[in-house]
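The values are calculated or read from the model by the stated rules, or taken from the named source; none is laboratory data. None of the values given here were measured: they were computed from a predicted structure. For the accessible areas, the whole protein counts, side chains as well, though only heavy atoms, and no ligand, DNA or RNA atoms are used. Shrake-Rupley method; radii C 1.70, N 1.55, O 1.52, S 1.80 Å.
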Amino acid sequence: MQATALEARITRNLPSLSPKLQQVAHYCLQHARQLHLCRIQDVALRCETQPVTVVRLAKRYGFRGFLDFKMAFLTEAGVPPQVDGDTVNAFGLAAHLLAQARTVWLQASAATTQVAQCYADMLRVAGLQVQWRPPLPWQPEPGDVLLWVALATESAAAPQGIPVVRISDAPDASPLHHAHLCTPPLGQGLQGIPAGLALAQAVQSARHSLRIQ
């Protein structure tokens, strides 16, 4: 796979880095396509250093922290999936619901937790406040949106009076009976990380058009 501009820049600058930063940089380059799945503690542990060193490397390349840094590898390498005519409206509705959310509450099963975390990270980079859904009973507040990442065969009760965006692995997933639900069939199954990138980019565009900072 062809190196991204960020990877090429890091590679060129390797000789100028300190030994510890070089070690972290090498790890990031070797795991560029999986880095978005790593916590900063994981990278620090594998590089036998401290999280502050990982942050130093991220800031050296102009990023605010590790989250922005690791997602940049994916942003540059990812190719957003094509959204066909049958899903354009659902995709657009999902982006606008999320863009206007005060808080996005994330719900996932054991089977989808890892992918859901990727969506959460990407949406945070897009400027959203994303939290894992608290246990029931839960009383949503105005401006809350539920992001439900689940397999098509999974079902769960949704709280009343809250917009729901469901990300599923099949376009014919059984919908929740809610007026604001949209079920865009994004990506290949639930392994389609570029789908999360596309949604985050759409949310960012929607926030810009709505003048949301």
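Table: residues versus (1) of a type in the set (A, V, I, L, M, F, W, C); (2) open to solvent by less than 80 Å² (accessible area, probe 1.4 Å).
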position	(1), (2)
10	yes, yes
13	no, yes
18	no, yes
24	yes, yes
28	yes, yes
32	yes, yes
36	no, yes
39	no, no
46	no, no
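Tell me which of these residue 131 doesn't satisfy, since it passes every other one: (1) at pLDDT 80 or above; (2) open to solvent by less than 10 Å² (accessible area, probe 1.4 Å).
It is condition (2) that residue 131 fails.
For residue 89, work out the one condition from (1) modelled with pLDDT under 80; (2) open to solvent by less than 50 Å² (accessible area, probe 1.4 Å); (3) of a type outside the set (Asp, Glu); (4) part of a helix (DSSP H, G or I) it doesn't fulfil.
Every listed condition holds for residue 89 apart from (2).
As an exercise: evaluate residue 141 against (1) at pLDDT below 80; (2) part of a loop (DSSP other than H, G, I, E, B) and give the number of the one condition it does not meet.
Failing condition for residue 141: (1).
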